[in-house]
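**Q** This is the structure I want to talk about, given as structure tokens.
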Amino acid sequence: MEKLYEGKAKVLFPAGPDTLRVYFKDEATAFNAQKRGLIPGKGVVNNKVSATLFRYLEAHGVKTHFLEEVSDREMRVWRVEILPLEVILRFRAAGSFAKRYGVKEGTPLKTPLVEFSLKSDPLGDPLICPEAILALGLATEEELSQVKATTLKVGELLRDFFAQRGLDLVDFKLEFGKRNREILLADEISPDTMRLWDQKTGEPMDKDRFRKDLGGVEEAYQEVLRRVLRG
């Protein structure tokens with residue numbers, strides 16, 4: 001089947017007039033694709049973790065693009081018009097946030113923080129303020145309000161979900177799309193798009209192991225999958 005689009009982590013194929021098949025790859029990138037590698041089994045982990053979390057969120061009232069798993073590496077989703085934004089929710093200072101503000105990695109934030117970045121690889125996905133989003137017409141005020149509220153709700157749900165499995169959700173990135181003017185949670189939710197630390201050891205269980213050359217990347221991903229599927 002002819003592919004519609006191939007990105008750094010996924011390939012999209014048509015699955016019907018209004019649906020797509022998403023294939024998850026094992027390729028890994030970091031630092032805006034300046035670092036590349038392979039994590040064996042990553043595609044399977046990200047597909048299964050995303051599918052499980054989408055179902056969990058749907059059961060708690062969050063509307064998503066997810067329809068069904070079709071194989072170990074593939075899911076079927078609604079076609080959506082992706083908003084050109086990445087939405088980040090932070091519970092602790094980590095990564096670029098800690099570096100930007102000179103805050104110690106792991107410092108708890110007083111309140112959960114929602115940040116927006118412009119979805120643009122050529123520009124390096126720069127941070128963008130809500131006023132600029134509105135001024136550029138990237139989303140309406142109502143859409144932006146809905147995206148922020150949904151992100152905070154997803155954060156509460158995921159934080160509780162992972163806490164029950166011995167994992168601390170530090171931060172995560174979401175993407176949203178529009179289908180028939182309705183805002184849906186899209187893309188994926190996986191160790192590629194969030195920071196998860198083991199509650200007992202504080203060890204990263206996510207793509208930071210690849211970014212920072214910590215080793216044990218494949219094992220960390222498999223352990224996250226094991227805990228997510230534990231129920």
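**Q** When you look at residue 151, is it modelled with pLDDT of 95 or more, out of contact with any Ser or Thr (no Cβ under 9 Å at 6 or more places or on another chain) and part of a loop (DSSP other than H, G, I, E, B), yes or no? Can you show your working first?
**A** Numbers: modelled with pLDDT of 95 or more: yes; out of contact with any Ser or Thr (no Cβ under 9 Å at 6 or more places or on another chain): yes; part of a loop (DSSP other than H, G, I, E, B): no.
When the stated conditions are applied, residue 151 does not pass them.
**Q** Further, regarding this structure: Could you tell me whether segment 98-109 includes any residue that is without any contact (Cβ under 8 Å) to a residue 24 or more places away in the chain, touching a strand residue (DSSP E or B) at 6+ places or on another chain (Cβ under 9 Å), at negative phi and not assigned by TED's automatic domain parsing to the domain that holds residue 197?
**A** Checked segment 98-109: no residue is without any contact (Cβ under 8 Å) to a residue 24 or more places away in the chain, touching a strand residue (DSSP E or B) at 6+ places or on another chain (Cβ under 9 Å), at negative phi and not assigned by TED's automatic domain parsing to the domain that holds residue 197.
**Q** State whether one or more residues within segment 203-218 are within 12 Å of the chain's Cα centre (by Cα) and farther than 30 Å from residue 140 by Cβ. Don't jump to the end; show me each part of the working.
**A** So the first thing to find is which residues in segment 203-218 are within 12 Å of the chain's Cα centre (by Cα), and the list is 206-207.
Of the ones still in play, those that are also farther than 30 Å from residue 140 by Cβ are 206-207.
Checked against the condition, which is being within 12 Å of the chain's Cα centre (by Cα) and farther than 30 Å from residue 140 by Cβ, segment 203-218 yields at least one hit.
**Q** Name the one entry in 195, 209, 181 that is free of Cβ contacts under 8 Å to residues at least 24 places away in the same chain and touching a Gly at 6+ places or on another chain (Cβ under 8 Å).
**A** Values: 195 fails: free of Cβ contacts under 8 Å to residues at least 24 places away in the same chain; 181 fails: touching a Gly at 6+ places or on another chain (Cβ under 8 Å).
On inspection, the qualifying residue turns out to be 209.
**Q** Just checking, how many residues over segment 49-92 are closer than 24 Å to residue 133 by Cα, crowded, with 16+ Cβ neighbours inside 10 Å and not acidic (Asp, Glu)? Quick ask: steps written out before the conclusion?
**A** Taking segment 49-92 and keeping what is closer than 24 Å to residue 133 by Cα, we get 62-65, 79-91.
Remaining after also requiring crowded, with 16+ Cβ neighbours inside 10 Å: 62, 64-65, 79-80, 83, 85-91.
From what's left, not acidic (Asp, Glu): 62, 64-65, 79-80, 83, 85, 87-91.
The total comes to 12.
The values are calculated or read from the model by the stated rules, or taken from the named source; none is laboratory data. Nothing here was measured: the structure is a model prediction, and the numbers come from that model. FYI the Cβ positions are ideal-geometry reconstructions off the backbone, even for glycines, and counts take in every protein chain you see.
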